[in-house]
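The structure appears right after this line, and notes come after that.
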Amino acid sequence: MTRPAPEKDIAEALAGEVEQAFRDRAALCIRGSGSKDFLGREPAGRKLDVSRHRGVISYEPTELVLTARSGTRLSEIRDVLADQGQMLAFEPPAFGDEATLGGTIAAGLSGPRRPYAGSARDFVLGVTMLNGQGESGRFGGEVIKNVAGYDVSRLMAGAMGTLGVLLDVSLKVLPRPEAERTRVFKLSAAAALEKLTTLGRLPIPLSGAAWMEGRLYVRLSGSASGVSAAERELIGEPLAEKEAAGFWTGLREHRLDFFADDRPLWRLGLPPAAPELGLDGKGLIDWGGGQRWLFSALPAETIRDRAAAAGGHATLFRGGDRREAIFHPLSQAMLALHQRVKAALDPAGIFNPGRLYEGL
Amino acid sequence: MTPLPGIRDASKNRPPDAASLNRLRAEVGERLRAVIPATGVLTELEQLRPFECDGLSAHRQPPLAVAMPANVDQVQAVLKVCREAGVPVVTRGAGTGLSGGALPLAGGVLLNMSRMNDIISIDQDNRLARVQPGVRNLQISEAVRHLGLYYAPDPSSQIACSIGGNVAENAGGVHCLKYGLTVHNVAAVDVVTIDGERLTFGSEAFDAPGFDLLALIHGSEGLLAVIVEVVVRLLPVPRHAQVVMAAFPDVGSAGHAVARIIGSGILPAGLEMMDHGCILAVNDYLDVGYPECEAVVLCEVDGTAEEVADQLVQVRDVLLAGGATEVRESRSEAERLALWSGRKAAFPAVGRIASDYYCMDGTIPRRHLADVLAEIQRLANTYGLRVVNVFHAGDGNMHPLILYDANLAGQTETAEALGAAILEACVAVGGTVTGEHGVGVEKLDTMCVQFSTIELAQFHALKAAFDPEAILNPGKAVPTLARCAEFGAMHVHGGRLPHPELERF
Ligand SMILES: Cc1cc2nc3c(=O)[nH]c(=O)nc-3n(C[C@H](O)[C@H](O)[C@H](O)COP(=O)(O)OP(=O)(O)OC[C@H]3O[C@@H](n4cnc5c(N)ncnc54)[C@H](O)[C@@H]3O)c2cc1C
């Protein structure tokens, strides 16, 4: 257990700033390291810097629970966990060396392991947060099962900081797999999607499945013997350990060559077996088919309509006009409910206004 | 339509007088029969009796009327009638809840979802099943078994409880350490809000735009919206599963062994524990032959045959090194099921050794297990009642069962007081008052111990965002601030008064 130095706890100062902003009805732009500044609609308001509120508060490897302040660097958390042979199983993308835990949860992004291990919100056990009046509350806790009160802590994941300031977050962590191996298949996108559907129904230890530029990458994680057995079953070409690690990290962090492109980047969330959408542009399939990246200059409406027709949704992830809609538009009734939920936590509407949706 | 006079009073604690209740019952019955088929509306007292309690049978109250919609349109119609009349609505799934969440209100309509029990579609390619809320938990796995798929969350009540109720309680099961709770295994739900709007939370993709209202609806105990459709995720059935049973001379060493299994990097599919009292009850009830020791640990590993073989060796080693006096492993599927049967029958087995039992649901950080069990024993002695323990050891969720006799004057109250004291002990070590059974009416007071005024006010504000007039299951799940003030006046622990900032009543 690490005992943090007291100067790393700036919760009171943050509460003071929020209280002041509430009195002034002044918008706040909650910010960790700024690694996700690119995400969502254009940020607005006075910066509320949470990056100095940092430090791991408690970590019990045998309880599979870690609690850290929101400004703690994601890299520090990864290191602390790796020392004990554990990991954040949702494999969060950092998009920057300084990425913080708070921003990671607020953005709610998950990496290649998501379909097999769960998403950022799935691993949130509890949060301490400031509401829009600067009041501090603790929701959820440090235990894996907890149904006391509404699940406010998981509601924070992916809310892009529009509902509260995260002060600390408790996460469920998992043991690192003993072995990890990647196999590659040369396939067209359509054939890869078909193979992914078959693979998804097999009880084998999958931990990643992505298609890029004519190759399907399948990652297996688990006990050494279990992974070897699954490899024999899958066939395909083995990918050397170093290359494989580079591929999955590059995919997670958008550092593969594929991601060097000037067109707007779209993230499509789809039912994994949805066929190719046939949209003009350059595509990459992740999450066993459930997440598709698309560089395309097509009009937003075309992309959104096609994704929605396939049972999914589309986010303008990078590029484009950030004064327009970025996340998939909500129906009027859903937007109205979102506004009421926001008002319940942030009555003056001061937290990251408009970052998620206009009018929210 | 106009609000019915007097109905507001009927939803309050004050017992409404019989004559006005009967008038209301007739009026509400008539309005309901105007919008859904008469066979779906019950108003005769003898028809209402079967619905007067859920699994927490110490609390009973017949509702004003029971409405049994057959489809979503009828749910919308019933809600409209109730909203316009100002009549509260309590939604009921299968009524197996253990905290009184589906306990009717004297002046409220009980919305019984059991007629909406169809599996709408199975999508094997996306590994999803779309079902109506009244579908029973086990029914889903049975319907997809031929595809090599199953629905992972397996509450012990799975033959009876409904999927709508599972979502509303965020139910867990024996396998949730590895496979997660209901919230981790549901892709989307359709709800009807109190304004009659049908909304979808979540999607058939791995996420959905906007706030994670899907997470918020899990465990909301029927207070936010009525769940009318659920899309669950299906998983491939593991090829292989084996269970190890270990006997320990004391609960402390059993608890440490459990921690070491997890510390060693294995994530068991199930990790359960029973204490001496529970072992005796189970052995008496079934022919499972658990060793008569202080604690039995059951650890299941699943996966490919190779994985299971490797992990079994490790688990055995850890258990023996941790002081197990006997370790037995299943050698066939029949043996595996036999070893589990005792654990799965723990509640009925205990039901045989006592005329009544009261099941608690506190969850604690596992490292405090031995201390909390000792504290429970101490409290049991103080209150003069017996307690036996079953325990989802892997995730720290305890089910102390308080044995009592409801026919003896005062024992029900004593059992409830002991239960509350046990939950406070859980909160004191950083745990929670409920891991999977929900707050309902049962744990309203202990919620005051776990949450501050600010946090409770936040819960009420969220409720109001969905249901400003508090029509849906009012009075459940979250205590009013006034109630906590009253409760705080009675409970002072460690010189610390909960909610000192509230005015005393
Ligand atoms: C023997 C026994 C063993 C049990 N074991 C477990 C266990 O291992 N794990 C566990 O988690 N629980 C367990 N339970 C508790 C119970 O089975 C679960 O809480 C279950 O999820 C309740 O489902 P139900 O359909 O019976 O819901 P009900 O009891 O009918 O209702 C429960 C709550 O959900 C609300 N609700 C129900 N349906 C809807 C809907 N469609 N829309 C909105 N709200 C709704 C109700 O208003 C109520 O608040 C056990 C119970 C028993 C009796």
* **Per-region count, segment A:338-360, residues in a loop (DSSP other than H, G, I, E, B) and within 12 Å of chain B (Cβ to nearest Cβ)** => 5
* From the options B:367, B:378, B:328, residue that is of a type in the set (Lys, Arg), away from the ligand (no atom under 16 Å from the Cβ), open to solvent by 30 Å² or more (accessible area, probe 1.4 Å) and in the same structural domain as residue B:274 (by TED's automatic domain parsing) -> B:328
* Out of all the residues in segment B:175-189, which are farther than 22 Å from residue B:440 by Cα and away from chain A (no Cβ under 12 Å)? -> B:175
* Asked: Would you call residue A:218 touching a residue at least 60 places away in the same chain (Cβ under 8 Å) and open to solvent by less than 50 Å² (accessible area, probe 1.4 Å)?
  -> no
* Only listed residue being within 12 Å of chain A (Cβ to nearest Cβ), closer than 26 Å to residue B:53 by Cα and acidic (Asp, Glu), chosen from B:469, B:455, B:436, B:413 -> B:436
* Would you check which residues across segment A:82-115 are facing chain B (nearest Cβ under 10 Å), open to solvent by 10 Å² or more (accessible area, probe 1.4 Å) and either under 23 Å from residue B:183 (Cα atoms) or assigned to a strand (DSSP E or B) (or both) and list them? => A:108, A:109, A:110, A:114, A:115
* Of the numbered conditions (1) within 19 Å of the chain's Cα centre (by Cα); (2) open to solvent by less than 10 Å² (accessible area, probe 1.4 Å); (3) small (Gly, Ala, Ser), residue B:85 fails exactly one; give the number of that condition. => (1)
* To do: Might you let me know whether segment A:126-134 holds any residue that is more than 7 Å from chain B (Cβ to nearest Cβ), in a loop (DSSP other than H, G, I, E, B) and closer than 29 Å to residue B:429 by Cα?
  => yes
* Six or more apart or on different chains, Cβ under 6 Å: which pairs go from a residue in segment B:152-170 that's in the same structural domain as residue B:226 (by TED's automatic domain parsing) to one that's more than 7 Å from the ligand (Cβ to nearest atom) and hydroxyl-bearing (Ser, Thr, Tyr)? Could you list them? => B:152/B:179; B:153/B:182; B:166/B:182; B:167/B:182; B:170/B:182
* To do: Being open to solvent by 20 Å² or more (accessible area, probe 1.4 Å), out of contact with any helix residue (DSSP H, G or I) (no Cβ under 9 Å at 6 or more places or on another chain) and within 15 Å of the ligand (Cβ to nearest atom) narrows it down to one of B:175, B:184, so name that one.
  => B:175
* To do: Keeping to segment A:118-132, report how many residues are surrounded by fewer than 23 Cβ atoms within 10 Å (Cβ to Cβ) and closer than 15 Å to residue A:12 by Cβ.
  => 1
* All helices (runs of 4 or more DSSP H) inside segment A:164-266 with 2 or more residues being more than 17 Å from residue A:291 (Cα to Cα) -> A:224-234, A:241-253
* **Only one of B:229, B:204 that is modelled with pLDDT of 95 or more, within 14 Å of the ligand (Cβ to nearest atom), open to solvent by 10 Å² or more (accessible area, probe 1.4 Å) and not in a helix (DSSP H, G or I)** => B:229
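Let's see how each residue does on (1) modelled with pLDDT under 95; (2) crowded, with 20+ Cβ neighbours inside 10 Å; (3) touching a strand residue (DSSP E or B) at 6+ places or on another chain (Cβ under 7 Å):
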{"site": "A:5", "(1), (2), (3)": "yes, no, no"}
{"site": "A:13", "(1), (2), (3)": "no, no, no"}
{"site": "A:18", "(1), (2), (3)": "no, yes, yes"}
{"site": "A:24", "(1), (2), (3)": "no, no, no"}
{"site": "A:28", "(1), (2), (3)": "no, yes, yes"}
{"site": "A:33", "(1), (2), (3)": "no, yes, yes"}
{"site": "A:38", "(1), (2), (3)": "no, no, yes"}
{"site": "A:43", "(1), (2), (3)": "yes, yes, yes"}
{"site": "A:46", "(1), (2), (3)": "no, no, yes"}
* Can you tell me which of A:75, A:51 is outside any strand (DSSP E or B) and either among the charged types (D, E, K, R) or touching a residue at least 40 places away in the same chain (Cβ under 8 Å) (or both)? -> A:51
* What residue, of B:136, B:130, is over 30 Å from residue B:479 (Cβ atoms) and either of a type in the set (Gly, Ala, Ser) or away from the ligand (no atom under 11 Å from the Cβ) (or both)? -> B:130
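The values are calculated or read from the model by the stated rules, or taken from the named source; none is laboratory data. Everything quoted here is computed from the prediction, not taken from an experiment. Note that we place each Cβ from the backbone using ideal geometry, even for glycine, and neighbour counts take in every protein chain shown. Note: accessible area is taken over every heavy atom of the protein model, side chains too, but ligands, DNA and RNA are not part of it. Shrake-Rupley method; radii C 1.70, N 1.55, O 1.52, S 1.80 Å.
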